[in-house]
Amino acid sequence: MTADGLIEALAARRGHFRLESGHHGELWLDLDALFARPARVAPFVADLAERLSGCAADVVCGPLVGGAFVAQGVAERLGIEASWTDRVAAPSDGGLYAARYRIPDASRDRVRGRSVAVVDDVVNAGSATRATIADLRACDARPVALGALLVLGEGAAELARVEGLALASVAALPNAIWEPADCPLCAAGVELERLG
């Protein structure tokens, strides 16, 4: 299956959306539907595992929901442990990157002192992966790579550069996101769509 197959498996909507990071964007992907049929996503997870195989990770960690599924699949392929983070603080109505993710108490000692590849289904602004990396560092783990099935725009590359991580993805697409004050859709009077 090609990267185009991955993109086709994501139900995309165009409009004006507030992303978890607090940024505004015009693309929304139904990521939960991607995992409804595990056999459909398995080839992409295998491809990502291959791309991460040289990063010397001891653990693969991903934010719930989709990132944790990807982490489990990648870890199985690499023969290493998997972990996840839970969202513990929902994004507020103001500020960027307000979401917080935390490794469960029972798993914190398992990642301490270990090299970790952080993965997600899709990385756009990188809110969930950024928070996962921060909590891994708080656990004295060593993030070594950032991986995603799909990277949108430049957020993943910038996050990997700032954090000193290798970056791997199965597919990448250009995508624009904006801080609310700079959003051309807001300036044009386009209302934000409510999700969920």
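Read-outs throughout are calculated quantities, based only on the coordinates presented, and are distinct from any laboratory measurement. Just so it is clear, the model here is predicted, and its values are computed rather than measured. So basically every Cβ, Gly included, is an ideal-geometry build from the backbone, and we count neighbours across all protein chains shown.
Pairs of Cα atoms nearer than 8 Å and 6+ residues apart set the relative contact order; for the chain it is 22 percent. Is the shape of the range 133-196 rounded, prolate or oblate, going by the alpha carbon gyration tensor and its root eigenvalues a ≥ b ≥ c, with a/c under 1.5 for rounded and a/b larger than b/c for prolate? Note, shape of the range 133-196 comes out prolate. Here VAL190 and ARG137 are evaluated by their C-beta separation; at R0 = 41 Å the FRET efficiency comes out at 0.60. What FRET efficiency do you get for ASP105 and GLU76 if R0 is 22 Å and r is their Cβ-Cβ distance, rounded to the nearest 0.05? My answer for the efficiency is 0.35.
With K and R counted +1 and D and E -1, the other residues having a Cβ less than 10 Å from that of ALA176 yield a net charge of -2. Per residue, the average separation of C-alpha pairs within less than 8 Å and at least 6 apart gives the range 53-168 a relative contact order of 25 percent. Cys residues of the chain that find no other Cys beta carbon under 4.7 Å: CYS55, CYS61, CYS139. Length available on full extension from ALA36 to LEU173: 0.36 nm per residue minus the Cα-Cα distance, which gives 47.0 nm.
Between rounded, prolate and oblate, where does the range 51-123 land on the alpha carbon gyration tensor, with a ≥ b ≥ c its root eigenvalues, rounded for a/c under 1.5, else prolate if a/b exceeds b/c? Prolate. In the range 58-188, taking the dipole from charged Cβ atoms about the Cα centre, the farthest positive-side position among THR85, PRO104, ALA156 is held by PRO104. Per residue, the chain reaches -10000 deg cm²/dmol at 222 nm when only DSSP H runs of four or more residues are counted, each adding -39500 (n - 2.57). Computed over neighbours whose Cβ is under 12 Å from that of ALA49, the net charge equals -1, Lys and Arg +1, Asp and Glu -1. Residues considered: SER21, SER115, SER53. Largest GNM mean-square fluctuation over the chain, using C-alpha springs under 10 Å, is found at SER53. Charged neighbours of ALA134, selected by a Cβ distance under 11 Å, balance to +2 (K, R count +1; D, E count -1). Extension gain for ARG13-LEU64 works out to 16.2 nm (0.36 nm per residue, less the C-alpha to C-alpha distance).
In terms of its alpha-carbon gyration tensor, the range 1-148 comes out oblate; a/c meets the 1.5 threshold, while b/c is at least as large as a/b.
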